[in-house]
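The structure appears right after this line, and notes come after that.
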Amino acid sequence: MFIIKRNLSKEQININKLTASIEKSSYGLSSMIVPAELATKVVNGLYEGATTTELNNLSAETAISLSTKHPEYALLASRIAIANLH
């Protein structure tokens, strides 16, 4: 599956790269936050040709849906959304 980067080039989705990005945003959070689990759910919800902005929005939306599992997922979601705006 491919995503469209901000420079309009195509890149195959790399779950390890997505997991690393989520791990970076989850600094200082509870060990109950599992970046690999979130990344897997995000990749399952993606479609061919999604943009990196849509990937980040889906990551934030998926994280907020997991806030019922642990409230710090909401903080992670806000960090992902803010990083996407930068």
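Here, each number is a calculation from the coordinates, and none is a lab measurement. This structure is a prediction, so every number in the text was calculated from the model and none was measured. Glycine also receives a Cβ, built like all others from the backbone with ideal geometry; neighbour counts cover every protein chain displayed.
If the chain linking Glu48 and His70 were pulled fully straight, counting 0.36 nm for each residue of separation and taking away their Cα-Cα distance, it would gain 4.9 nm. For the chain, which span is the longest to avoid every loop-located (per DSSP) member of trypsin sites (Lys or Arg not before Pro) having at most 16 other Cβ atoms inside 10 Å? Free of exposed loop sites, the longest segment is 7-68. Label sites at Ser9 and Ala83, each approximated as a point 7 angstrom past Cα along Cα to Cβ, lie 2.1 nm apart. Note on the chain: lysine pairs with Cα distance below 19 Å, sequence gap of 8 or more or different chains, count 4.
By the equivalent-ellipsoid construction on the alpha carbon gyration tensor, the chain comes out with semi-axes of 22, 12, 11 Å, ordered largest to smallest.
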